[in-house]
Amino acid sequence: MSQNRQAQELRLLQSISTIVDQSIDMRATVHPILEALAECLDFRIATITLLRKGGDDILIEAAHGLSRAQAELGHYKLGEGVTGKVILSGEPMIIPKTSESPIFLNRTRQGKSSDTAFICVPIKEKQEVVGALSVYRPSAPDEQLQEDTAILGIVASMLARAALLRRDVLEEQETLKEENRQLRAELTRRYHPGNIVGNSHEMQIVYDQIYQVAKSQATVLIHGETGTGKELVAHAIHYASTRSEDPFVRVHCAALPESLIESELFGHVKGAFTGAVTDRKGRFELADGGTIFLDEIGEIPLSIQAKLLRVLQEREFERVGGIKTVKVNVRIIAATHRDLPKMVEQRQFREDLYYRLSVFPIFVPPLVKRKADIILLADYFMAKYAEENGKKVTKLSNEAVDMLMRYAWPGNVRELENCIERAVLLSEGGVIGRDVMPSSIQVEAGPQTSEMPARSFLVEGASLSDMVDGYEKTIIHEALDQNQGNIAAAARFLRSTPRIVGYKAKQYGLAGN
């Protein structure tokens, strides 16, 4: 080796030592080091790969002379290719001509060439191989390649500590990512109320709002058309709250005559009016410690609204005919299908009461806006009423599904439930067909033809994931049905495996054996 070469290598090592001393963070040091190697020793490409802790994946962590896309292609398994073998054995390797080596995999698409040599040395920290330092350089005599390998070995030892720390940081990041994924999955499971059916994007927003408000003491106003499930949302808020062990009292305001609503809400004392033969607690007292749900709050007369406002503000009232102030600790959830802001404008509803009620508004979308949930709900109601009535109805025909998806559902979930209950009762076989659907749905769906149009799984407002899940569930459902619930036979029919079909059947709540 010439003195000039020795001096050059010495300057290189001094330069790298200075870089390493400035920071132990590999992200700050690795690129200057690779650039110094390429400039001093005439390397075209230099890479550092790291072995993922506890696994056999080897990835390029940093590269000089490669684009990001090319570097991402450098993915190896332990023992695979030159890099994998070096990390497995802990010994350096020299490939004098990449074009002649069967173990040079050329993952980064740099091409096998007779004028390119490849050198790879392990990066070790206390005998543990944590990665490798690799370079592409012009072909050279064996003596020159050996000298370069020795220099690279020294550089690799200088990088070892930083490489080990970087690998641990990456491992910690992956662990945190996995924990976050598991946490999100747990939160989705935990805060998907068990009393509400639906996985659409619109309902996920409702679930998020339930989770956000449940643990607080805030008053909630639930908006939504009749039959959308506003009471279910109120139940979900109560049972996810700190008041879940205390009473949940429902008051259907529209069903109470004006002459009785005050007594029903606040109670009365003996002799307050004709028929009041004893003292009687009202719904607010019965809900003390828990939650009172005022359904159809827009139907409460103006004469009662002022007293209701006082309860919201002070949590106190007097029974009808009484003078004693009653204090209650109660959370108020109200619901309405009416346009309360418009009623405020028309002086049919008190503005101050509206704002007191609407601390945390939740909108429950109509069924036509959450079409991704229609078949899920239909399946739920079908199973429910088949069990209640002792009928073996397990499937909706394709025609029935098409009709359900095309119908506008002005009565929302309640109308769908009634429709499916009727269909279960009328069905003679195990399949709900077109003929047992209500006439209103059949008319809107259009006349039956000898050739039904191809079934579409495109659902307005649904995500791609929701539509794919619905399609997959239907396929597995039909395959199991055609094979009498036999998972192995269904798997053969679908050209899949029993393990996959069994897993999917369990995921979608389908029966199989």
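FYI, it's all coordinate maths here, none of it is from the lab. Quick caveat, the model's predicted, so the values are computed rather than measured. Please note: Cβ atoms are built from the backbone with ideal geometry, for glycine as well, and neighbour counts cover all protein chains shown.
At-a-glance table
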| item | result |
| --- | --- |
| Charge-dipole axis of the chain as Lys and Arg at +1 and Asp and Glu at -1 on Cβ define it, positive-most pick from ILE333, PRO122, PRO498 | ILE333 |
| LYS126/ASP42 FRET efficiency (R0 35 Å; Cβ-Cβ; nearest 0.05) | 0.60 |
| Set of lysines with alpha-carbon distance to LYS324 below 16 Å, sequence-local pairs under 8 removed | LYS270, LYS281, LYS307 |
| Other-chain or far-sequence residues with amide H under 5 Å of GLU318's (modelled H) | VAL326 |
| Cβ-derived FRET efficiency at R0 35 Å, LEU73 paired with GLU143, nearest 0.05 | 0.60 |
| Neighbourhood net charge (15 Å Cβ-Cβ; Lys/Arg +1, Asp/Glu -1) for GLN346 | 0 |
| Coarse-grained scattering of region 201-365 at q = 0.14, 0.15, 0.16, 0.20 Å⁻¹, given as base-10 log I(q)/I(0) from a Debye sum over alpha-carbon atoms | -0.70, -0.80, -0.91, -1.36 |
| For region 3-173, alpha-carbon Rg and Dmax in angstrom | 14.9, 46 |
| Principal-axis tilt of helix 464-482 within the chain, Cα atoms, nearest 10 degrees | 80 |
| Sequence-distant lysines (8 or more away, or on other chains) whose Cα lies within less than 24 Å of LYS392 | LYS384, LYS473, LYS504, LYS506 |
| D (Stokes-Einstein, µm²/s), Kirkwood Cα radius, the chain, 0.692 mPa s at 37 °C | 111 |
| Residue-averaged [θ]222 nm for the chain, counting only DSSP H segments that reach four residues, each worth -39500 (n - 2.57) | -15000 deg cm²/dmol |
| Helix 26-41 axis, angle to the chain major axis (alpha carbon atoms, nearest 10°) | 30 |
| Residue-count net charge about LEU145 - beta-carbon cut-off 13 Å; Lys, Arg +1, Asp, Glu -1 | -3 |
| Residue range of the chain that is longest and free of GluC sites (Glu not before Pro) which are both DSSP loop and sparsely packed (at most 10 other C-beta within 10 Å) | 1-244 |
| Beta bridges by DSSP in the chain, antiparallel share as percent, to the nearest 5 | 60 |
| Fraction of beta bridges assigned by DSSP in region 267-363 that are antiparallel (%, nearest 5) | 45 |
| Three principal axis lengths of region 463-513 [C-alpha, angstrom, descending] | 31, 19, 17 |
| Spin-label model distance (nm) - ASP115 vs GLN346, 7 Å beyond Cα toward Cβ | 8.8 |
| Modelled FRET efficiency - R0 51 Å, ASP56 with SER244, Cβ distances, 0.05 increments | 0.60 |
| Gyration tensor (alpha-carbon) shape descriptor, region 374-451, a/c threshold 1.5 | oblate |
| Reach of LYS77 by Cα under 24 Å, taken over lysines that are not fewer than 8 positions away in the same chain | LYS53, LYS85, LYS97, LYS112, LYS124, LYS126, LYS177 |
| Which of ARG250, ARG166, ARG68 has the fewest Cβ neighbours within 10 Å, and the rest in rising order | ARG68, ARG250, ARG166 |
